[in-house]
1. Hey, does the stretch 115-122 have a residue that's among the β-branched types (Val, Ile, Thr) and within 15 Å of SER25 (Cβ to Cβ)?
2. Quick one: in the stretch 362-387, which of the residues that are surrounded by fewer than 17 Cβ atoms within 10 Å (Cβ to Cβ) and part of a helix (DSSP H, G or I) is modelled with the highest pLDDT?
3. Quickly run through the stretch 18-35 and pick out the residues that are closer than 13 Å to GLU82 by Cα and of a type in the set (A, V, I, L, M).
4. Output the residues belonging to the stretch 295-315 that are more than 21 Å from VAL255 (Cα to Cα) and of a type outside the set (Ser, Thr, Tyr).
5. Specify which of the listed residues (GLU97, GLU150) is within 30 Å of GLU52 (Cβ to Cβ) and acidic (Asp, Glu).
6. Since ALA359 meets every condition but one in (1) at pLDDT 90 or above; (2) over 20 Å from the mean Cα position of the chain (by Cα); (3) not charged (D, E, K, R), which condition does it not meet?
7. Among (1) more than 23 Å from LYS268 (Cα to Cα); (2) within 31 Å of the chain's Cα centre (by Cα), where does GLN316 come up short?
8. Find the residue count for the stretch 264-289, including only residues that are out of contact with any Gly (no Cβ under 7 Å at 6 or more places or on another chain), modelled with pLDDT under 80 and polar (S, T, N, Q).
Amino acid sequence: MNLDDTIVAISTPPGRGGLGIVRISGARAREIASGLLHGIEPWQSWRAHLAELLDRDGHLIDRVVATFFEKPRSYTAEDVVEISCHGSPVVLRHALERAVEAGGRLAEPGEFTLRAFLNGRIDLPRAEAVRDLIDATTLYQARIAAQQAEGSVSRRIAPIKNQLLDLIALLEAGIDFAEDDVSVASWDEILGRLDPVLAALRQLAASFQYGGLVRSGLALAIVGRPNAGKSSLFNALLEQDRAIVTEVPGTTRDVVSETASIGGIPVKLFDTAGIRRGTGLVETLGIERSYQAMADADLTLVVIDASQPIAAEDEQLIARAGRHLVAANKCDLGVCTKSMHACVVSALTRQGIPELRAAILDAIAPPGAFEHETGFITSIRHEQLLRESIGWLEKARGAAESRIPHEMLLLDLYGALKPIDAVTGATTADDILNRIFSTFCIGK
């Protein structure tokens with residue numbers, strides 16, 4: 001991929017619509033756009049221009065609106081032209097072909113955002129948040145991704161990285177500029193600077209427990225004995241009649257799945273066959289799939305009949321469920337089941353359904369997660385890199401406690417810095433030197 005090329009792509013989804021956009025980015029963006037559009041003279045930055053899209057023989061194809069964003073005040077920090085056409089695949093494809101004929105190159109997947117990163121327009125966490133925003137399936141996901149695209153994760157990591165760089169600069173100065181009477185840090189000072197960095201990284205890495213669910217969602221298996229109301233509860237949580245419901249026990253023979261939004265988190269619900277001793281080959285296979293759904297799920301919702309005393313089969317299923325919640329259904333028929341840990345609900349009247357949704361969120365999210373919508377990480381790549389950095393810092397702390405020479409301690413600190421750089425962007429040697437000379441009075 002040649003980053004000096006001027007790239008072009010259709011930036012709206014495939015299909016027909018009222019509008020479609022062709023985006024051009026690079027040094028020749030205006031020149032290429034002028035080759036296929038008529039009526040723009042002169043180009044003005046951050047202005048929308050009415051123009052005519054012509055075919056190769058000069059005939060009118062469409063009247064379009066072209067917007068010019070002059071570098072560096074554009075998404076990619078390059079000259080960008082966005083051509084808004086009518087959303088006909090034929091018109092968009094023609095504009096794309098004409099732009100390529102005029103010297104543009106078809107953009108690679110994600111290349112506009114890649115250029116925005118390489119040109120310093122955004123950092124890595126913001127670039128990854130753009131992808132998450134596009135992939136969002138709930139408004140809550142979109143809101144979190146938008147906050148991260150605005151730099152919420154970067155702002156959380158920046159002070160931690162700065163503290164680590166300050167410690168590195170302090171040790172480097174003591175080693176390299178000892179002849180200038182720069183004092184060497186004491187071991188207590190080193191540990192005093194190191195511990196807050198380690199604690200902050202641990203807290204940030206732990207936030208992935210919740211952030212990963214926000215980004216990827218979770219799987220919830222709904223299991224129970226036949227006729228406990230699993231399918232009715234499945235429909236109630238989904239807020240639509242997706243699963244077949246009858247009074248005949250064993251209606252559900254296979255796993256039915258659908259995704260619902262609970263508290264803004266996408267939850268994939270699995271309605272399973274009633275678990276009992278199978279009465280036939282098909283039902284037995286369905287029960288085996290129910291057990292498999294339990295094993296694969298992040299959380300299991302065990303449904304029992306609240307109008308009946310709890311049975312031994314219910315207790316056995318709860319014991320087998322692992323991470324689970326218990327929903328005592330059919331409370332509209334009267335509550336006979338006595339359980340301190342069951343959510344009492346009625347799938348028929350919707351009584352207790354809001355409380356059940358809240359209980360599902362409480363079971364999957366750490367305490368206080370919903371009170372802090374910013375500053376947690378949602379990328380497993382970030383979590384793994386932060387864990388790697390924590391490992392290096394723990395080694396550095398052990399080295400400091402053992403009074404290992406500063407030169408060796410620095411190796412661990414640089415090892416901790418490298419994974420953080422992989423999250424935020426690289427730190428150069430000049431960054432370290434700038435900190436040294438701005439912090440200490442060297443060479444005056």
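The values are calculated or read from the model by the stated rules, or taken from the named source; none is laboratory data. Predicted, not measured: the structure shown is a model, and the values here were computed from it. Counting neighbours? That spans all protein chains shown, and the Cβs are built from the backbone with ideal geometry, glycine included.
1. Yes, there is a match, as at least one residue in the stretch 115-122 is among the β-branched types (Val, Ile, Thr) and within 15 Å of SER25 (Cβ to Cβ).
2. ARG387
3. Within the stretch 18-35, LEU19, ILE21, VAL22, ILE24, ALA29, ILE32, ALA33 meet the criteria.
4. Taking the stretch 295-315 first, the residues more than 21 Å from VAL255 (Cα to Cα) are 306-312, 315.
Listed by number, the residues that qualify are ALA306, GLN308, PRO309, ILE310, ALA311, ALA312, GLU315.
5. Of GLU97, GLU150, the one residue that is within 30 Å of GLU52 (Cβ to Cβ) and acidic (Asp, Glu) is GLU97.
6. (1)
7. Here GLN316 clears every test but (2).
8. 1
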